[in-house]
1. Condition first: surrounded by 10 or more Cβ atoms within 10 Å (Cβ to Cβ) and assigned to a helix (DSSP H, G or I). Now tell me which residues in region B:14-73 satisfy that.
2. Given the structure, is residue B:260 crowded, with 24+ Cβ neighbours inside 10 Å, within 30 Å of residue B:232 (Cβ to Cβ), more than 21 Å from the chain's Cα centre (by Cα) and not assigned by TED's automatic domain parsing to the domain that holds residue B:410?
3. Exactly one condition in (1) farther than 25 Å from residue A:124 by Cα; (2) in contact with a helix residue (DSSP H, G or I) (Cβ under 7 Å, 6 or more places away or on another chain) is false for residue A:100; which is it?
4. Any residue that is within 14 Å of chain B (Cβ to nearest Cβ), loosely packed, with under 15 Cβ neighbours inside 10 Å and part of a strand (DSSP E or B) - is there at least one of those in region A:44-57?
5. Which members of region B:400-411 meet the condition of being crowded, with 18+ Cβ neighbours inside 10 Å and either over 18 Å from the mean Cα position of the chain (by Cα) or within 14 Å of another protein chain (Cβ to nearest Cβ) (or both)?
6. Could you run through region B:363-414 and say how many residues are within 22 Å of residue B:269 (Cβ to Cβ) and touching a residue at least 40 places away in the same chain (Cβ under 8 Å)?
7. Restricting to region A:88-100, and then to whatever is surrounded by 15 or more Cβ atoms within 10 Å (Cβ to Cβ) and not in a helix (DSSP H, G or I), can you tell me which residue is farthest from the chain's Cα centre (by Cα)?
8. Considering only residues that are under 25 Å from the mean Cα position of the chain (by Cα) and touching a residue at least 12 places away in the same chain (Cβ under 8 Å), look in region B:443-463 and name the one that is farthest from the other protein chains (Cβ to nearest Cβ).
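The values are calculated or read from the model by the stated rules, or taken from the named source; none is laboratory data. This one's a predicted model, so the numbers in the text were calculated from it and none came from an experiment. Neighbour counts are summed over all protein chains in view; Cβ atoms, including those assigned to glycine, are modelled from backbone coordinates with ideal geometry.
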């Protein structure tokens, strides 16, 4: 059973969002990492890039597949977790502790379209 | 099997040789001083038995269709008749040079023209170019033709290509290399392209759609007629990925379905060795509308992988018009026989009758209990190696997380299929009893399970 954390918001494409004021901290869910298998590479965007909701901001590669990362919110990328460049396995180890990007949101109302922990649990059943 | 990984240089001993040159060789005119090499050639000094044993041992470290059953989905690993090799190795062909004057190679050109005519008849298209050397090369060439078709009409807006989510990975990759943007169309629950999802995607920016029919789930896209009409009405073209052509041979023609451009994999459908066994050939055929953009003359300069073309032509002529029609039905029968015989042990997400291949989604009982994880599709594939079978295609298509894609082809006997089915059932039993047997497989191969994760994370790209 994949781990889901109460209080986070979730996208249907298996990203999680933690809201910290105007900033959205974004990573992938435990379900995503377990479906992908051993992550071998994280393709990260550049800091200061502008991003639109549902656009891809990077990709995960594993021995099984490659999968695009879709941004659950619009805004400007204010931080990128560079640790993942050399240690992509951190996402397998703890997908919630190891965020991927932080986005300063341009439209916080977009958060309303995301799923609660309970709703996300339903879609991965 | 005896493990063998020596280099021929390790076998060399000073002064040993397996040949003697005639005396006249020594009196041959000397190489001019300025062209002669200054250091001795570093050749292995070995006897004839050394050489023969070395290469025989190395050849036994391989697995191919000559060794055993090779049910690799979407790869059509059918048996390669030896007469193909005999024809392609005929000295009247192997001695030719591509720059020979045209009038001295009329027979060789006739072969190309004959193959062109035959493939045009099989596919329902007008003409082929044989220059592309394999499938993805053909896709790129075909997409460039698609772009040329639009550009020649001053239609510069068509920069996107629609690709189904079940497509071979090469389709979006080729489109991206061609500078086209990829738009994905979804499959329905029954595994076919969702026509309702397709409709809103069509428009003035769409250059065309790339499809495989039957698709990678082995299902015939029954609505292809409607899809072709929708795409054509919106100004786009249809590209046919010929990787799955085998079940349609002599029965159904992509040209009649409405496809404008296609590539064939001679090395799959037309029985020439591939994978580690030989080069490919990915001829591209076009309908009348695209013909003006095909390179003219179609036969010119270097001719692609000529020997592969000869083998494919030999295959078609050996079978003949009537027998070639049997390839598809027999391949389909074999695939459905395996599917039906194993569906009580393996999850079958799309239960309908398949064509040449089908997809399981892992084991019904993977043996997971307490803290012991269950056996995955990767583990099943590795365990099959222990039993002397090549693994099926795994983790493709991406529609199912434990995809296991099996394509037996028409050249396998019922006995071979039954052996494979028995082994797959045994593997399912093993998983239910103790998934660790599978998780630690293979046990009997020269190389056990490579650490793919470390290899991908920290690749050593030079010695």
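1. Selection gives B:48, B:50, B:51, B:52, B:53, B:54, B:55, B:56, B:57, B:58, B:59.
2. yes
3. Condition not satisfied by residue A:100: (1).
4. yes
5. Once the filter is applied, which keeps residues that are crowded, with 18+ Cβ neighbours inside 10 Å and either over 18 Å from the mean Cα position of the chain (by Cα) or within 14 Å of another protein chain (Cβ to nearest Cβ) (or both), region B:400-411 yields B:400, B:402, B:403, B:404, B:405.
6. 14
7. Among those that are surrounded by 15 or more Cβ atoms within 10 Å (Cβ to Cβ) and not in a helix (DSSP H, G or I), it is A:88.
8. The qualifying residue farthest from the other protein chains (Cβ to nearest Cβ) is B:445.
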